[in-house]
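The block underneath contains the structure these notes are about, expressed in structure tokens.
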Amino acid sequence: MDKSESPKRWAGFIHLWSVLLELLARATVRRPWLFVALTLLSVVPTGYLASRLELKSSFVDLLSPSDPEVKDLNLVLEKTGGLGFSTIAISAADRPLAERMAVELERRLEAVPGVKFVQGRLDVDYLKDRQLYFLTADELKDLTKSVKESIDYRVAKEADMLLDDEEPPPPDPFEKVKKEASSREITIEPFLVGNDGKYLYVLVGLGGTAGDLGETSRIQGDVERVALELGAELSPGLEIVFTGPVVNRREDARVLGEDLSKAGLIGFAGVIVIMLGATRRKRSVVLLTVPLAVGLAWTFAFAYLFVHHLNAVSGFLVSILSGLGIEYGVHLFKRYHEERSHGRDPEEATVRMLRSTGGALLGACLVNASVFAVVAVAGFRGFMEFGLIASAGMVLTMLATLLLFPALNYLVDRRWPVHVGPDKPMRPIAIPAWGRWATVVLVPVLAACSVWALSAGRVKFHTDWRELGSDTPAARFDAYIIKTLDLSVTQVMLYLEEPGDVEKVRAAVEDVRVRRAERGLPFNFVRVIGSDDLVPRDQAGKKVEIDALAAQFARIKPSWIAEEERPRIEQAKKLAAAAPFAVDDLPKTLKQRFLTSDGKGTMAVITTDGLFEEPSKLIDWSDQVAEMRAELANRQLKAALASENAIAGRIFRTITESGARILAAAFAVVFIVLVIQFHSLWHALAVLSSVAIGLLFTAGGMAVFDIELNFMNAAVLPIIVGVSVDNAIHIYHRFLESGPASIPMVLRQTGSAALLSSSANLAGFAALFVARNGGLRSVASLSVLGIIATVFTTTVIFPVALDWIGRRLGRVPSGQEPTPR
């Protein structure tokens, strides 16, 4: 292929695009009301579709449903009834009152429709009555022998068969029975109380499915009503707090929705205020916002049709697209008034506006849409959905602007003509010599510091995904409960289709432990706890020894027993009279955590000894769970392993592995577009270098301001590339067109426009600072830092460097000058 063929094709495409826009302009001035009416009417169906979008705030929704971690989690949620668990905290300042309320609340809540189970008081007496079965067979033999010796001694003494030099009598047999039994007592308290003693907790299992937050929230509302009514009956003013997964999901979804709505409105308003201040024309508010609003309605209707929901990453697109999408209208608005200032009538000004600005609009749209498209092909579902919606949004907002702005602007100008006088002469921005030399020295120093920060690991990845959620009272209280109950968030929930496979899982855990130890790898699995842990083994053999012990108790004569000893012997006889028991015989309150919602299979818990506070440890934990999952599959055990931290580790691994590729791909796509536009490899590299230096400075700023990457704000980096490259493109275009000494005027004309565009984008992102959601605030922090850094490099350092090079060379850089955008 001839080297000039590609540029010719691009020039031909731009010419065709300009012709189409000219035809659109002429149709617009002939039938402006038709364009306005049809475009505005389209908001009715698209707005309706957009309103049906569901916001999914869970981090699990950032992964594909086909991922093993998500499939296992969904199966576990299905078997346990979803995330429908609620915790009721009752003030334990009056402990007897709190216990009475827990017992009565359990009775009342069990009658509430939709409540699956209530755990107010555990029936620990059932296990205490069967404590002898938790002793070993040898221990039972020794106990029976001791009791027999004590009774034999009593019989011999009554028969006057003891010698005067007989040794002292053996210990009290009943006390020994009590002591031995207590040594193996199951350490389960009847009531769940925090280690600080402030609250007594009642656990409630709710109906509904994992994805039906509305139904689960309705049942939660009934639970709260019953609890508050009971509290008012027993003790008005009694402190009762509600928390748990369902409450947290409800509050997180509510707060995230409110944050996004508030940030979207503030960002939208901020962009309008900036544009109004820059254009100084009131009509610009309507002319710029109406097409943007239509484009946003089209965008989120597209999101509903092809994605069906917004996630924690794509939820803030309203703010982003407000800043990016309004640029199309700004370019048209400015060009139209420029044409009118030259004395052209509205018809001719409209035609020339669309025809002359077409290449710039298309180029800007392609650059930004291409960057978002790169994000859309990532292997991370959260980024894929974000990139798809954003890429479509750039195209749809451009189309909405092209279809509505010219017609609306034409009608407004015909109804309220505005005289625009000729522009006043612009004064160039002089660059002092020290400014040029300071740039030559400053850039390498800042770049070296940023490289050091990256190599020294000062740019970190935030590991605690819980801190990225909404800061709500329920979330804070939930964290308090986890701390006071010494709960481990690294426990693994295990579902087994066959209840008898628990022992096989224990064997698999030990085999994996050995293999990882041989490879020098950590293994944080500790113990597999199943319902069989509540049932002693070899009860048949133990029953023989317990019957022998009961036979010894039968030898005791009533006359031997003092009145104060009767409670002890009755308790000992009760322990010896207990029959063997199985899991099915256990009270429901004891085995509830091991039951499934449909009665098929069993649940188990795998405890761990890990505190995964670093990305590397989280990723390693995810690998451990994956290896354990593979081992169970190799043993043909039908099981599912669910671990929140394993999913978080999978997300971190995906972002770590794909993040650099996405950023590199974004640079590559932008570079290709630049080469096609500028028809020169060196010109493309010059423009892209200013963006790359800006991103490097962003990394240095992250280290200075302690801004960490996470799975939400990582999507901002490719966006910064697309947003900032526009500034460099416009400045470099003007530099090549006007000559090596033109930078002072370029800064005055193009630089100011670039700052205006960047200010609009900055307003959209900065609006996220008002959010209570930690993830959204992290997006605001990184995006504001990135935009400021890249604006500095593309509109200050880059033109100053061009001025320095131009003065050095005294000529335009080599290569053919490009066709203007």
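The values are calculated or read from the model by the stated rules, or taken from the named source; none is laboratory data. Keep in mind that what you see is a predicted model, and the values were worked out from it rather than measured. So basically every Cβ, Gly included, is an ideal-geometry build from the backbone, and we count neighbours across all protein chains shown. Each accessible area value is taken on the protein alone, full model and side chains, heavy atoms only, with ligands, DNA and RNA left out. Shrake-Rupley method; radii C 1.70, N 1.55, O 1.52, S 1.80 Å.
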Quiz item: Right, Arg414: touching an Asp or Glu at 6+ places or on another chain (Cβ under 8 Å), open to solvent by 20 Å² or more (accessible area, probe 1.4 Å) and in a helix (DSSP H, G or I) or not?
Solution: no
Quiz prompt | In region 691-736, residue least open to solvent (accessible area, probe 1.4 Å) [restricted to those that are acidic (Asp, Glu) and either more than 20 Å from Glu327 (Cβ to Cβ) or without any contact (Cβ under 8 Å) to a residue 12 or more places away in the chain (or both)] | solution = Glu708
Quiz prompt | Scope region 672-688; condition of a type outside the set (Val, Ile, Thr), open to solvent by less than 50 Å² (accessible area, probe 1.4 Å) and modelled with pLDDT of 85 or more; matching residues | solution = His683, Ala684, Ala686, Leu688
Quiz item: Looking at (1) at pLDDT 85 or above; (2) buried (at least 18 other Cβ atoms within 10 Å of the Cβ); (3) part of a helix (DSSP H, G or I), which is the only condition Phe523 fails?
Solution: (3)
Practice problem: Kindly check whether there is at least one residue in region 481-494 that is at pLDDT 90 or above and buried (at least 18 other Cβ atoms within 10 Å of the Cβ). | Solution: yes
Quiz item: Ile266 versus (1) touching a strand residue (DSSP E or B) at 6+ places or on another chain (Cβ under 8 Å); (2) open to solvent by 50 Å² or more (accessible area, probe 1.4 Å); (3) aliphatic (A, V, I, L, M): which is the lone unmet condition?
Solution: (1)
Quiz item: Restricting region 769-798 to residues that are touching an Asp or Glu at 6+ places or on another chain (Cβ under 8 Å) and surrounded by 22 or more Cβ atoms within 10 Å (Cβ to Cβ), which is modelled with the highest pLDDT?
Solution: Ser778
Exercise. Test Ser66 against the stated conditions and say whether it is among the polar types (S, T, N, Q), surrounded by fewer than 21 Cβ atoms within 10 Å (Cβ to Cβ), modelled with pLDDT under 90 and in a helix (DSSP H, G or I).
Key: no
Quiz item: Arg476 is checked against (1) open to solvent by 20 Å² or more (accessible area, probe 1.4 Å); (2) over 28 Å from the mean Cα position of the chain (by Cα); (3) under 26 Å from Arg593 (Cα atoms); (4) not aliphatic (A, V, I, L, M) and fails just one. What number does that condition carry?
Solution: (2)
Quiz item: Which members of region 663-691 meet the condition of being part of a helix (DSSP H, G or I) and of a type in the set (Gly, Ala, Ser)?
Solution: Ala664, Ala665, Ala666, Ala668, Ala684, Ala686, Ser689, Ser690
Quiz item: Within region 351-372, which residues are open to solvent by 40 Å² or more (accessible area, probe 1.4 Å) and either part of a loop (DSSP other than H, G, I, E, B) or of a type in the set (A, V, I, L, M) (or both)?
Solution: Leu366
Quiz prompt | Test for Ala50: is it open to solvent by less than 30 Å² (accessible area, probe 1.4 Å), in a helix (DSSP H, G or I) and in contact with a Phe, Trp or Tyr (Cβ under 8 Å, 6 or more places away or on another chain) | solution = yes
Exercise. Restrict the check to region 319-335 and report whether at least one residue is touching an Asp or Glu at 6+ places or on another chain (Cβ under 9 Å) and open to solvent by less than 10 Å² (accessible area, probe 1.4 Å).
Key: no
Quiz item: Name the pairs: first residue in region 353-372 and without any contact (Cβ under 8 Å) to a residue 40 or more places away in the chain, second residue small (Gly, Ala, Ser), Cβ to Cβ under 7 Å, at least 6 apart or on different chains?
Solution: Ala369/Ser391
Practice problem: Write out, first by first residue and then by second, each pair whose Cβ atoms fall under 9 Å of each other, whose residues are 6+ apart or on separate chains, and whose first residue, in region 47-74, is without any contact (Cβ under 8 Å) to a residue 40 or more places away in the chain while the second is among the charged types (D, E, K, R) and assigned to a helix (DSSP H, G or I). | Solution: Pro65/Lys71; Pro65/Arg381
Practice problem: Spot the failing condition for Glu239; the list is (1) crowded, with 18+ Cβ neighbours inside 10 Å; (2) over 31 Å from the mean Cα position of the chain (by Cα), and only one is missed. | Solution: (1)
